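Here the structure is laid out as structure tokens; the discussion comes afterwards.
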Amino acid sequence: TGAGIKEEELSQIFERFKQGGEGVQQHAGSGIGLAHAREVIELMGGSITVKSTFGQGSTFSIYLPAERISGNNTIGEDTVTGEELVLQPEVEVADIQHDKDKPRDRLTGQKPLILLLDDNVDVLQYIAGILQHDYDYVTALNGSEGLQQLEKHTPDLILCDIMMPEMDGHAFLNRVKESPPLKHIPFIFLTARADTEMVINGLEEGADDYIVKPFNSLELLARIRALLRIRELLSANAVQARKIDTLNQKLQEKFRYGSIIGNSPPMRKIYQMLESIKESDSTVLITGETGTGKELIANSIHYNSPRKDGPLVSVNCGAIPRELMEREFFGHVKGAYTGATESKKGYFMEADGGSLFLDEIGEMDKDMQVKLLRVLERGEVVRVGDTVPTKVDVRLIVATNKDLREEVQQGNFREDLYYRVYVLPIHVPPLRERSDDITLLIEHFMQKMQAKSSIELPPITEAEMATFLQYNYPGNVRELEHIIERFCLFGGKAENLFAAQPARKPETDFPYDELLSSSNPLKAVGQKAKALAEKDVIMHVLQICNNDYNEAARMLNIGLSSLYRKLKEADQ
């Protein structure tokens, strides 16, 4: 990197007492060092050459044989033992070829593969000699050739010069990092300049390390081994992460059935029922309060059935005006009524080959109930304005939040239709009857919020979790989801999250029918009264402690888990 040597002086610099280069100071030397260097190298059967660009610097290349060469240029027998010329490629010196050609690619397929890029053939030969014992390698003189090599090979590591013609090292690095299959390959820059700005730019672009020329073989091999070891560890971590994800997925599957979440005994019973009927084609009646997830049950029934590749048509019976029901369910032909400019399929024909989910069937008009019964009995529909029936192949799934048996007794629902739909009944319990699932559902809704927004999710403290577990959830799972959404958006503040709790019935208002049906009614009454009394005391202590459950448990001289259990037992 010095001043360089003029071309007319290059042929003389190896002569004794010749000094080359501009600005040679008076006491710079005798001009004999290069002459001695050439003589010693030639005595060992090697050679030395020089390339120089005036004003930019010079490059000296020394070629030494891997084994001693016998010949006329020998040192006297009395001064040489034969051991002086033994080379150690693994330590300092590479087995350099004597020709000027780019080294041949070395591909055994049994060693890690390294891609070498440098426009200086001497450098390529030097590095190839260092690597040949432990690594395979392919070479390129610039970034363009490097990209061609990457089309044929996927190396384990890339060694790349920066200053190269056609495509320099930075441009090549950017192309590598843009490719998903290649961007994780360790990348080392080789550079004669080690200024801070260049190093920072290269590292920000994605380089993993820098090696400054000149370097020795030990340094290069140590850097390569370190990066390959890091890559191996990252690969092992990625495999481990995939295993953990798989295990987590399997663990979550224990608490799920499709999109349904829960591990409480009532939910496990529902999973067993869904599994037992998944090959059936019979009508299913799903009952449960609003917000319990009846539609999720219907979806699971359809997508786990032989009809899963067919359509699933969902209809809210309470949202269709009475006068439009027939045409919406059965369709119409062109000209059937004023404004019927074209024929249209109804819900049954759209669901042909699949499933039709009738939500809130208890809201269906009685006239429409008669027509629905006819479809179920005959398996065919007649479009409005048509006289020819059309066969349909539909699996019916219905849901309601009403007690259909009571609706039959009150004359609001046809008894014959009731027995038509009451084939495979599934009751979805309210959330207050499966409080064991609240924690799972909260975790699920928190993850759902994280996925659809960029906000940082607030942590849930123990006291807040206790509040979530004690709430009655009249709106069931749907209400819990909305509460968690408010909790996340309000930054974790518990204020105003919950709707006003309905007043609890007085302690004397016992469920007499339930208690009298037990084997020991008086004992059952005593246990219920005790549970309610204990809850009153616990609620009083919690008020004193500002809802600090740990402090309340300490004052009551019971464990925290016992406090939660007693609150739960009082609500059952």
Residue hits (the stretch 389-403; farther than 22 Å from K278 by Cβ, of a type in the set (K, R) and either in a strand (DSSP E or B) or in contact with a Lys or Arg (Cβ under 8 Å, 6 or more places away or on another chain) (or both)) are K391
Going through the stretch 178-196 in order, the residues found to be free of Cβ contacts under 8 Å to residues at least 60 places away in the same chain and open to solvent by less than 50 Å² (accessible area, probe 1.4 Å) are S179, L182, I185, P186, F187, I188, F189, T191
Exception for V24 within (1) at pLDDT below 65; (2) out of contact with any His (no Cβ under 9 Å at 6 or more places or on another chain); (3) open to solvent by less than 40 Å² (accessible area, probe 1.4 Å) falls at (3)
Requiring at least 2 residues that are hydroxyl-bearing (S, T, Y) and more than 33 Å from the chain's Cα centre (by Cα), the helices (runs of 4 or more DSSP H) wholly within the stretch 411-479 are 415-421
Looking across the stretch 134-148 at residues that are under 25 Å from A222 (Cβ atoms) and either open to solvent by 10 Å² or more (accessible area, probe 1.4 Å) or touching a Pro at 6+ places or on another chain (Cβ under 9 Å) (or both), the single one that is modelled with the lowest pLDDT is D134
Residues in the stretch 418-447 that are among the charged types (D, E, K, R) and either without any contact (Cβ under 8 Å) to a residue 24 or more places away in the chain or under 21 Å from I301 (Cβ atoms) (or both) total 4
*Test for E219: is it open to solvent by 80 Å² or more (accessible area, probe 1.4 Å) and acidic (D, E)*: no
Taking the stretch 370-401 and the residues there that are more than 17 Å from M325 (Cβ to Cβ) and touching a residue at least 60 places away in the same chain (Cβ under 8 Å), the one that is most open to solvent (accessible area, probe 1.4 Å) would be N401
All-but-one check, L227 against (1) over 32 Å from the mean Cα position of the chain (by Cα); (2) modelled with pLDDT of 90 or more, failing number (1)
I5: passes all of (1) open to solvent by 40 Å² or more (accessible area, probe 1.4 Å); (2) at pLDDT 80 or above; (3) in a loop (DSSP other than H, G, I, E, B) but (1)
Quick check: is even one residue across the stretch 177-193 assigned to a helix (DSSP H, G or I) and closer than 19 Å to E145 by Cβ? yes
Evaluate the following for I114: is it open to solvent by less than 50 Å² (accessible area, probe 1.4 Å), at pLDDT below 90 and within 50 Å of the chain's Cα centre (by Cα)? no
Out of (1) in contact with a helix residue (DSSP H, G or I) (Cβ under 6 Å, 6 or more places away or on another chain); (2) free of Cβ contacts under 8 Å to residues at least 60 places away in the same chain, the one D367 does not meet is (1)
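Every residue in the stretch 261-298 that is among the basic types (K, R) and either in a helix (DSSP H, G or I) or surrounded by 20 or more Cβ atoms within 10 Å (Cβ to Cβ) (or both), please.
Within the stretch 261-298, R268, K269, K294 qualify.
The values are calculated or read from the model by the stated rules, or taken from the named source; none is laboratory data. Treat the numbers as computed from the prediction; the structure is a model and nothing was measured. As a convention, Cβ positions derive from the backbone with ideal geometry for all residues, glycine included, and neighbour counts pool all protein chains shown. Areas reflect the complete protein model, heavy atoms only, side chains present, ligands, DNA and RNA absent. Shrake-Rupley method; radii C 1.70, N 1.55, O 1.52, S 1.80 Å.
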